[in-house]
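Working notes, structure below.
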2 protein chains.
Amino acid sequence: MSLVSQSPLRAQPNKHRALAPDPAARFRRSLDHVAGDIERLLDRLLAPQASPGERLRPARLLHAMRYASLGGGKRLRPFLVVESARLFGAPRRQALMAASALECVHCYSLVHDDLPAMDNDALRRGRPTAHKAYDEATAILTGDGLLTFAFDILSRSQTHQNPAIRIELISALARAAGVGGMAGGQMLDLAAEGRFAIGHRSDLGFDDIRTLQAMKTGALLQFACASGAILGGADRKARSALEQYGAAIGEAFQVADDLLDIEGDAATLGKTAGKDAAAHKATFVSLLGVDGARQRLKKLVGKAERSLAPFGDDGEVLKAAAHFIASRRS
Amino acid sequence: MSLVSQSPLRAQPNKHRALAPDPAARFRRSLDHVAGDIERLLDRLLAPQASPGERLRPARLLHAMRYASLGGGKRLRPFLVVESARLFGAPRRQALMAASALECVHCYSLVHDDLPAMDNDALRRGRPTAHKAYDEATAILTGDGLLTFAFDILSRSQTHQNPAIRIELISALARAAGVGGMAGGQMLDLAAEGRFAIGHRSDLGFDDIRTLQAMKTGALLQFACASGAILGGADRKARSALEQYGAAIGEAFQVADDLLDIEGDAATLGKTAGKDAAAHKATFVSLLGVDGARQRLKKLVGKAERSLAPFGDDGEVLKAAAHFIASRRS
């Protein structure tokens with residue numbers, strides 16, 4: 001499939017180009033558009049009616065799953081799925097299905113990471129975390145339910161008419177989220193806090209933190225970009241370009257997060273600030289310093305932009321996304 | 001596909017039949033054989049080497065996943081997958097892949113159910129539960145990792161050459177395990193303990209308990225039987241017969257479990273006995289009495305046997321399994 005998408009933005013005659021909104025504005029508009037679509041789709045998927053093969057959906061668990069997945073978040077991962085899929089001409093409604101599955105996995109990870117036994121957070125997106133709003137047992141099941149539901153969504157024919165494509169998405173998501181991806185990254189992160197008397201802060205260098213974060217945060221962001229390529233039947237080269245972009249913004253995301261942790265406050269973050277320092281946790285900032293971390297961010301944005309070169313103007317919105325991630329304030 | 005399998009047992013001439021071991025002995029042999037195969041397969045699947053798409057498998061998490069899934073259990077669910085698949089001539093190596101995925105889901109559910117916030121159990125199969133052997137955070141991640149890994153396994157071409165069949169397995173497993181299945185059943189079970197000030201013991205009748213248990217325990221047992229039919233490309237009628245068998249033994253399993261909870265002891269059970277009564281939990285025994293529960297068991301075994309009628313002699317080992325489930329002592 002050609003790298004040149006059939007998007008309306010591309011079809012616009014050059015003489016009107018000056019009138020088109022700049023990439024940053026188009027990024028904002030797309031992010032909002034995707035967020036609205038994902039909200040509606042998840043609301044529909046997490047309806048009280050049971051699907052074939054299900055017995056019933058117990059109200060308390062369904063409500064908690066909705067609490068954890070609806071009504072919040074920038075929906076950055078879904079945006080990346082939709083924009084990546086657009087590069088390859090994949091239908092938006094299919095991209096939204098894959099994106100909603102990915103968002104379920106992301107939300108499950110937040111619910112479990114917030115648990116008292118893990119990061120013990122009371123606030124998330126300015127609201128009580130799931131175990132505070134409900135209780136610990138319900139929160140554990142909420143995460144389990146959302147993770148399982150992601151694979152239900154990806155297995156549906158609405159995600160893609162070709163079962164082989166759905167299988168490719170499922171395989172990629174399972175590996176991005178599992179022991180060799182996100183869950184493994186969270187394990188390394190807990191070890192980095194010195195919980196298990198091995199791998200405490202002083203043991204971890206820059207490469208260790210990069211690996212940890214590439215697993216904990218990067219793997220899902222990379223899947224977001226790869227899934228668009230998978231849905232659109234992209235060739236290996238194009239998929240690899242998207243994955244490199246995903247890796248760069250994944251690391252940028254975490255560097256920005258580490259900067260926010262020392263610079264932000266709970267009001268703008270919607271979560272507790274200063275936790276990393278309190279936990280004596282090695283971060284990009286503790287390793288590189290604030291200025292070093294800012295330089296690293298700049299370098300990563302450049303890397304993300306260069307990865308998109310094969311897509312020409314069609315990559316502008318994703319480039320704007322990289323800038324947004326690097327400069328976000330919450 | 002014909003209901004008549006191509007199994008060697010079937011091909012055996014009638015004059016030798018009298019010399020063949022009885023169904024109960026064949027059941028025992030098959031159960032042991034499957035247990036050995038599953039142990040070896042899970043050991044290989046959960047190797048330290050990362051799969052493509054994974055970064056690395058952190059030692060602590062991988063060890064805990066192995067601790068929770070290797071070296072224990074009767075492997076009843078894998079046995080059901082293998083024996084069901086055999087009815088339809090599906091290759092054993094494919095059945096073992098599906099069975100190992102199912103066992104990962106089963107083991108994840110044990111790890112999470114044992115957590116302090118859930119059933120707070122210290123013993124499982126005569127060993128410390130995962131959060132006792134490791135810690136709570138590691139146990140949460142262990143469950144998450146095993147659940148995710150199940151879908152990784154099912155997405156592999158070794159499970160079946162046809163992606164559409166793999167998708168059918170994934171869809172069925174996700175629904176059996178999720179909010180409308182096992183996870184939802186655990187939610188109902190916690191509610192039945194009166195934790196959330198609704199649905200406490202006196203509210204639950206026989207049908208409620210049946211629904212709860214059909215979700216919590218029955219859904220995975222039913223999937224075990226259905227997955228053999230899916231792998232073997234069985235027609236709707238044959239698959240439905242297997243699912244009815246699965247539903248009957250699922251309920252029988254739970255009735256037997258409830259009887260064991262009041263009759264067993266920790267030494268033979270390998271877990272803490274008498275917990276249901278201590279939790280004032282409605283069970284089949286509290287609702288039907290010991291004699292009523294024993295009668296119910298008998299009825300369910302009859303139902304399981306009748307469901308297997310279309311398979312003739314090929315169903316004998318599964319019939320023996322139903323008797324085993326009803327009469328088990330641990």
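Residue-wise test of (1) of a type in the set (V, I, T); (2) free of Cβ contacts under 8 Å to residues at least 40 places away in the same chain; (3) in contact with a helix residue (DSSP H, G or I) (Cβ under 6 Å, 6 or more places away or on another chain).
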{"residue": "A:I153", "(1), (2), (3)": "yes, no, yes"}
{"residue": "A:Q158", "(1), (2), (3)": "no, no, yes"}
{"residue": "A:I165", "(1), (2), (3)": "yes, no, no"}
{"residue": "A:V179", "(1), (2), (3)": "yes, yes, yes"}
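Within the range A:84-92, is even one residue closer than 24 Å to B:D114 by Cα and of a type in the set (S, T, N, Q)?
No, the range A:84-92 contains no residue that is closer than 24 Å to B:D114 by Cα and of a type in the set (S, T, N, Q).
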How many residues, within the range B:125-141, are more than 9 Å from chain A (Cβ to nearest Cβ) and either surrounded by 24 or more Cβ atoms within 10 Å (Cβ to Cβ) or touching an Asp or Glu at 6+ places or on another chain (Cβ under 6 Å) (or both)?
2
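Here's the yes/no breakdown for (1) within 14 Å of chain B (Cβ to nearest Cβ); (2) assigned to a helix (DSSP H, G or I); (3) at pLDDT 95 or above:
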{"residue": "A:G73", "(1), (2), (3)": "no, no, no"}
{"residue": "A:V82", "(1), (2), (3)": "no, yes, yes"}
{"residue": "A:R86", "(1), (2), (3)": "no, yes, yes"}
{"residue": "A:A90", "(1), (2), (3)": "no, no, yes"}
{"residue": "A:L102", "(1), (2), (3)": "yes, yes, yes"}
{"residue": "A:S109", "(1), (2), (3)": "yes, yes, yes"}
{"residue": "A:D113", "(1), (2), (3)": "yes, yes, yes"}
{"residue": "A:D144", "(1), (2), (3)": "yes, yes, yes"}
{"residue": "A:I165", "(1), (2), (3)": "yes, yes, yes"}
Please determine, by comparing only the residues of the range A:102-133 that are in contact with a strand residue (DSSP E or B) (Cβ under 9 Å, 6 or more places away or on another chain) and touching a residue at least 60 places away in the same chain (Cβ under 8 Å), which one is nearest to B:L173 (Cα to Cα).
A:A130
Within the range A:115-136, can one find any residue that is outside any loop (DSSP other than H, G, I, E, B), modelled with pLDDT of 95 or more, within 22 Å of B:A150 (Cα to Cα) and more than 17 Å from the chain's Cα centre (by Cα)?
no
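For the range B:250-290, enumerate the residues that are modelled with pLDDT of 75 or more and of a type in the set (A, V, I, L, M).
Listed by number, the residues that qualify are B:A252, B:V255, B:A256, B:L259, B:L260, B:I262, B:A282, B:V285, B:L287, B:L288, B:V290.
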Would you mind stating whether B:A59 is out of contact with any helix residue (DSSP H, G or I) (no Cβ under 8 Å at 6 or more places or on another chain) and either of a type in the set (A, V, I, L, M) or modelled with pLDDT of 95 or more (or both)?
yes
Of the candidates B:A139, B:A68, B:A150, the one satisfying the condition of being under 27 Å from A:A172 (Cβ atoms), among the aliphatic types (A, V, I, L, M) and in contact with a His (Cβ under 7 Å, 6 or more places away or on another chain) is B:A139
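Among the candidates B:F206, B:F196, which residue alone is within 11 Å of another protein chain (Cβ to nearest Cβ), surrounded by fewer than 20 Cβ atoms within 10 Å (Cβ to Cβ) and farther than 24 Å from A:S157 by Cα? Quick ask: steps written out before the conclusion?
Numbers: B:F206 fails: within 11 Å of another protein chain (Cβ to nearest Cβ).
Among B:F206, B:F196, only B:F196 is within 11 Å of another protein chain (Cβ to nearest Cβ), surrounded by fewer than 20 Cβ atoms within 10 Å (Cβ to Cβ) and farther than 24 Å from A:S157 by Cα.
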Of those in the range B:217-250 that are under 12 Å from the mean Cα position of the chain (by Cα) and surrounded by fewer than 24 Cβ atoms within 10 Å (Cβ to Cβ), the residue nearest to B:A164 (Cα to Cα) is B:A247
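Can you pull out the residues in the range A:146-161 that are surrounded by fewer than 18 Cβ atoms within 10 Å (Cβ to Cβ) and either part of a helix (DSSP H, G or I) or at the interface with chain B (Cβ under 8 Å from one of its Cβ atoms) (or both)?
Of all residues in the range A:146-161, those surrounded by fewer than 18 Cβ atoms within 10 Å (Cβ to Cβ) come to A:156-158, A:161.
Passing the criteria: only A:R156.
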Lone unmet requirement of (1) away from chain B (no Cβ under 14 Å); (2) assigned to a helix (DSSP H, G or I) for A:A64:
(1)
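Say whether the condition of being of a type in the set (G, A, S), more than 7 Å from every other protein chain (Cβ to nearest Cβ) and within 21 Å of B:M118 (Cα to Cα) is met by at least one residue in the range B:183-191.
In the first step, residues of the range B:183-191 are kept if they are of a type in the set (G, A, S); the result is B:183-185, B:191.
Still in the running and more than 7 Å from every other protein chain (Cβ to nearest Cβ): B:185.
Subsequent filtering for residues that are within 21 Å of B:M118 (Cα to Cα) retains B:185.
Yes: one or more hits.
The values are calculated or read from the model by the stated rules, or taken from the named source; none is laboratory data. In this text, all values refer to a predicted model and were calculated from it rather than measured experimentally. Cβ sites come from the backbone with ideal geometry, for glycine too, and all protein chains shown count toward neighbours.
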